[in-house]
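Here the structure is laid out as structure tokens; the discussion comes afterwards.
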Amino acid sequence: MDIARRNNVAVTGNPQGPTVVLAHGFGCDQNMWRLTLPALVEDYRVVLFDYVGSGRSDLAAFSENRYGSLHGYARDVVEVCEALDLRDAVFVGHSVSAMIGVLAADAAPERIGALVMVAPSPRYIDDDGYRGGFSAQDIDELLASLESNYLGWSTVMAPVIMGNPERPELGEELKNSFCATDPDMARVFARTTFLSDSRDDLKSVKVPTLVLECSEDVIAPREVGAFVHRAIPGSTLVTLEATGHCPHLSAPEATNEAIRSFLAGLR
């Protein structure tokens, strides 16, 4: 299989520098990293890709059986790394991709040498002693709305997820990204994302890890960032002065500074 075509892989930046892999979240594609790229391309080799079912990936490769689990998306990551023969790459994952990166690093530790988790959440549903930000009923209603009227759900939820109501163009961009995704494939990814519980998987992380949280985020509240930080010994937690769930779009300067500082410490 042509992995590069399947996942719309793009490689840019400094071919002599360390490799950074940028992985998008639910309903997005690699274009969401366009404000991060300028901060990395001079010093780092940067790999971008789209998960199958997103962006310009090969939609014919989509399988509900494979992508009904985060492990299926992690296999995408590992196969991209293998196709490029990456070693000790830094995996930067936004939202659910942070947990996908954890699974990929565990499956192929020689490929991924560090993690940057941007607005991560190992579980979205509240549990005893754990605040994920949503009740089980909240998630059931969210998924029911998404499955019955995906375009309507996108119009309503994109501005909520993005935050920053004073900058409506950001919410509009996320809505357009959601709406460009095949609804049937988005439904599978949404169910896989919002019903996931990756808390135990955090115990497997043995690589340097940066946890980036936002000061206000309705999808991943600060209690979640604190939980992830505690669960990964030696991890670094940085709270960005940013609102919403997509700081690489709403606060790119602060996000890029935090990522570059972490990367510099690895060299």
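The values are calculated or read from the model by the stated rules, or taken from the named source; none is laboratory data. Note that the structure is a prediction, hence the values are computed from the model and not measured. With ideal geometry, Cβ positions are generated from the backbone for all residues, glycine too; neighbour counts draw on all protein chains shown. We work out accessible area using only protein heavy atoms, side chains counted, and drop any ligands, DNA or RNA first. Shrake-Rupley method; radii C 1.70, N 1.55, O 1.52, S 1.80 Å.
Using beta carbons and a limit of 6 Å, which pairs, at least six apart or on different chains, have the first residue in segment 10-21 and in contact (Cβ under 8 Å) with a residue 60 or more places away in the chain and the second one among the basic types (Lys, Arg) and surrounded by 14 or more Cβ atoms within 10 Å (Cβ to Cβ)?
19/45
Does residue 106 count as open to solvent by 50 Å² or more (accessible area, probe 1.4 Å), over 25 Å from residue 183 (Cβ atoms) and free of Cβ contacts under 8 Å to residues at least 24 places away in the same chain?
So residue 106 fails the test.
Of all the residues that make up segment 97-140, how many are more than 16 Å from residue 209 (Cβ to Cβ) and of a type in the set (Ser, Thr, Tyr)?
3
Would you confirm, using the coordinates I've provided, whether residue 125 is buried (at least 24 other Cβ atoms within 10 Å of the Cβ) and in contact with a strand residue (DSSP E or B) (Cβ under 9 Å, 6 or more places away or on another chain)?
No: the conditions fail for residue 125.
Return only the number of the condition from (1) touching a Phe, Trp or Tyr at 6+ places or on another chain (Cβ under 6 Å); (2) in a loop (DSSP other than H, G, I, E, B) that residue 110 does not satisfy.
All conditions are met except number (1).
For residue 187, work out the one condition from (1) surrounded by 16 or more Cβ atoms within 10 Å (Cβ to Cβ); (2) under 22 Å from residue 22 (Cα atoms); (3) of a type in the set (Lys, Arg) it doesn't fulfil.
(2)
Show the residue pairs meeting these rules: Cβ distance below 6 Å; 6+ apart or different chains; first residue within segment 198-215 and basic (Lys, Arg); second residue open to solvent by less than 40 Å² (accessible area, probe 1.4 Å).
Filtered contacts from segment 198-215: 199/122.
With respect to residue 211, is the statement that it is open to solvent by less than 10 Å² (accessible area, probe 1.4 Å), closer than 28 Å to residue 260 by Cβ and either of a type outside the set (Phe, Trp, Tyr) or part of a helix (DSSP H, G or I) (or both) true?
Answer is yes for this residue.
Over 26 Å from residue 220 (Cα atoms), of a type in the set (D, E, K, R) and either surrounded by 19 or more Cβ atoms within 10 Å (Cβ to Cβ) or modelled with pLDDT under 95 (or both), is that true of residue 87? Walk me through it before giving the result.
Values: over 26 Å from residue 220 (Cα atoms): yes; of a type in the set (D, E, K, R): yes; either surrounded by 19 or more Cβ atoms within 10 Å (Cβ to Cβ) or modelled with pLDDT under 95 (or both): no.
No.
If you scan segment 109-122, which residues turn out to be of a type in the set (Gly, Ala, Ser) and open to solvent by 10 Å² or more (accessible area, probe 1.4 Å)?
Hit for segment 109-122 is 113, nothing else.
Out of curiosity, is residue 241 under 17 Å from residue 34 (Cβ atoms) and of a type in the set (Asp, Glu)?
Values: under 17 Å from residue 34 (Cβ atoms): no; of a type in the set (Asp, Glu): yes.
No; evaluated as a whole, the condition is false for this residue.
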